[in-house]
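*Asks:* Take a look at this one; I'll ask things after.
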Amino acid sequence: MKYILAIGLIISVLLLMYCRSTTIAGGLQAVSGFEKERYLGKWYEIARFDFRFERGLNNTTAEYSLNADGTIKVVNRGYDIAKRKWRKAVGKAKFVGSEQTAMLRVSFFGPFYSGYNVIALDKDYRYALVAGKNLDYLWILSREKTIPNNFRESYVKFAQERGFDTSKLIWIEHQE
C-alpha cells in the first residue's frame, strides 16, 4: 500500500511539473514591452491550427478582461457548424513572469495550464500572432472580422521563419 501511495504521489508531482513547464517553444520570443490593458477586450480569430477544442467551429472569438485577483478572464466563443449551436469556454490566464512580457499560461480545466504567447503584435494592438507551448498551436487574431493582407502575409511569413507549418492554418469565417 505504501508503494502505491508513493507511486501516486510521484505521478502527481510529475504531472504538476509538466503542467507548469515552459509555455513557449524553444527559440520563440514573446513580445516585450507588453501592455495588458491594451490587449484586453474582444479579438476575432482569423486563422488557427486545428485542434480538438476548436474543431468544427467558425465565428470564433476570444474576449479578455481582468479578474479581481489580477488574472485575466478568458472567454472563447465559436459556432459549431455541425451541431448548429454556439459553444463557450471560460478560463483564466496568468503571466509566467513579468507582465511586460506577453508570455502567459491559460487554463480552462482547473490546475492544467498551457502556453499562450503573443509573438507578434502591431503597435496599435489591432493584430496579434499567438503561439502555444509548441509549434502545434498558432492563432492569428484581429480586433475586426478581417485582417489587412499586409498583416496576414507578414504574420504567416513570421511564423514560417520560426518553424511553424503554416500550410496547416485554417482560415476562419465570420458571418452575422
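Only the coordinates and a few stated rules stand behind these numbers; no lab work does. If you're wondering where the values come from, they're calculated on a predicted model, not measured in any experiment. Here the Cβ positions follow ideal geometry from the backbone for every residue, glycine too, while neighbour counts run over all protein chains shown.
*Asks:* If you average the alpha carbon positions of the stretch 129-150 and of the stretch 83-108, how far apart do those two centres end up, in angstrom?
*Replies:* Rounded to whole Å, the Cα centres lie 14 Å apart.
*Asks:* State the extension gain, in nm to one decimal, for the chain segment bounded by Q175 and K42, taking 0.36 nm per residue of separation less the distance between their alpha-carbons.
*Replies:* Taking Q175 through K42 to full extension adds about 46.3 nm, to one decimal.
*Asks:* Now for a different question. What distance in nm lies between label points placed 7 Å from Cα along the C-beta direction at S154 and L66?
*Replies:* Result: 2.9 nm between the two label points.
*Asks:* Counting other beta carbons within 10 Å of each Cβ, put V90, V31 in order, fewest first.
*Replies:* V90, V31
*Asks:* How much length, in nm to one decimal, is gained on full extension between D50 and S32, taken as 0.36 nm per residue of separation minus their Cα-Cα distance?
*Replies:* Computed gain between D50 and S32 is 3.8 nm.
*Asks:* Roughly what would the spin-label model give for Q100 and R143, points 7 Å off Cα along C-beta, in nm?
*Replies:* Label at Q100, label at R143, 2.3 nm between them.
*Asks:* I've got another one for you. Could you work out the helix-only [θ] at 222 nm for the chain, with each DSSP H run of four or more residues adding -39,500 (n - 2.57) and the total divided by the number of residues, to the nearest 500 deg cm²/dmol?
*Replies:* Mean residue ellipticity, 222 nm, calculated: -6000 deg cm²/dmol.
*Asks:* Turning to a different aspect of this structure: When V96, V75 are ordered from fewest to most other Cβ atoms inside 10 Å of their Cβ, what list results?
*Replies:* Placing the least packed residue first, the sequence is V75, V96.
*Asks:* Please list, or write none, the lysines whose alpha carbon is within less than 29 Å of the alpha carbon of K83, excluding same-chain residues fewer than 8 places away.
*Replies:* Answer for K83, where 29 Å is the Cα cut-off: K42, K73, K92, K145, K168, listed by chain and number.
*Asks:* Assuming a ≥ b ≥ c are the square roots of the Cα gyration tensor eigenvalues, decide whether the stretch 23-171 counts as rounded (a/c under 1.5), prolate (otherwise, with a/b larger than b/c) or oblate.
*Replies:* Judged from the Cα gyration tensor, the stretch 23-171 comes out rounded (a/c under 1.5).
*Asks:* Determine the relative contact order of the stretch 23-171: mean sequence separation of Cα pairs under 8 Å and six or more apart, normalised by residue count, in whole percent.
*Replies:* This gives 28 percent for the stretch 23-171.
*Asks:* Can you give me the angle between helix 2-19 and the longest principal axis of the chain, using Cα atoms only, in degrees from 0 to 90, rounded to the nearest 10?
*Replies:* Roughly 20 degrees between the two axes.
*Asks:* Once the piece of chain linking K85 and D136 is laid out straight, how much longer is it, given 0.36 nm per residue of separation minus the C-alpha distance between them?
*Replies:* That pair, K85 and D136, stretches by 15.7 nm at full extension.
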